[in-house]
1. Note down the nm distance, to one decimal, between modelled labels 7 Å out along Cα→Cβ at GLU90 and at THR10.
2. Please give the FRET efficiency for ASN124 paired with LYS51, using the beta carbon to beta carbon distance and R0 = 25 Å, rounded to the nearest 0.05.
3. If I fit a long axis through the Cα atoms of helix 59-76 and take the longest principal axis of the Cα atoms of the chain, what angle between them do I get, 0 to 90°, rounded to 10?
4. Using the Karplus curve 6.51 cos²θ - 1.76 cosθ + 1.60 with θ = phi - 60°, work out ³J(HN,Hα) for each residue of the stretch 3-14 in order, rounded to whole Hz, and write x for Gly and Pro.
5. Find me the longest stretch of the chain that has none of the exposed GluC sites (Glu not before Pro), where exposed means in a DSSP loop (not H, G, I, E or B) with at most 14 other Cβ atoms within 10 Å.
6. Percentage of Cα-Cα pair distances in the stretch 3-139 greater than 22 Å, rounded to whole percent?
7. Enter the Cα centre distance for the pair the stretch 84-140 and the stretch 1-71, rounded to the nearest angstrom.
8. From the helices alone, meaning DSSP H stretches of at least four residues, give me the mean residue ellipticity at 222 nm for the chain, per-run term -39500 (n - 2.57), in deg cm²/dmol to the nearest 500.
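Readers should treat all values here as calculations from the given coordinates under stated rules, not as data from a laboratory. Computed from a predicted structure; not experimentally measured. Note: ideal-geometry Cβ built from the backbone for every residue, glycine included; neighbour counts use all protein chains shown.
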Amino acid sequence: MKNHKFLEHTADILIEASGNDYAEALEEAAKALMETVADIKKIEKQNKNFKIIERAPNIEELIVFSLSSILSEAEINEIFFYDCKVERLEKIGNEWVAEMNLKGSDDLKKAKTIVKAVTFCQINVEKDEKMVKINVVFDI
């Protein structure tokens, strides 16, 4: 079951994202990030496509690096993303790899919150036989 929710945090934004596997949970974390930055339900859907490929030695770093890349691409290209599809997320040898396709829009009037960074603070990834759960903090 894919979903995400915003949890209580004293100064920043703490999210919990879940899915049936790592890819679904990362997609939900990306959606939470996109919803934090902009009102994605009201963004004009322009289908500007971007591809992000990230590599990391462990799943926690892969999550932070992937979400950070989404944030960086949005800022560099002056765009809001409204859709993310994780095409591949796997461990190859000693390295984790994620490939994501994003859709965005330059409808910048729908801004909500400036996210400065995706942090390693309170990063937690749990996997059991039923689901994967990710907790991550966005520095605002």
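1. Going from the GLU90 label point to the THR10 one covers 4.3 nm.
2. Working: r = 28 Å, r/R0 = 1.10.
Given R0 = 25 Å and the Cβ-Cβ separation, E is 0.35.
3. Roughly 10 degrees, rounded to the nearest 10.
4. Karplus values, whole Hz, x for Gly and Pro: 5, 8, 8, 9, 10, 5, 8, 5, 10, 10, 10, 10.
5. 79-128
6. 32
7. About 4 Å separates the Cα centre of the stretch 84-140 from the one of the stretch 1-71.
8. Working: 2 runs with 34 residues, N = 140.
Here the helix-only value at 222 nm equals -8000 deg cm²/dmol.
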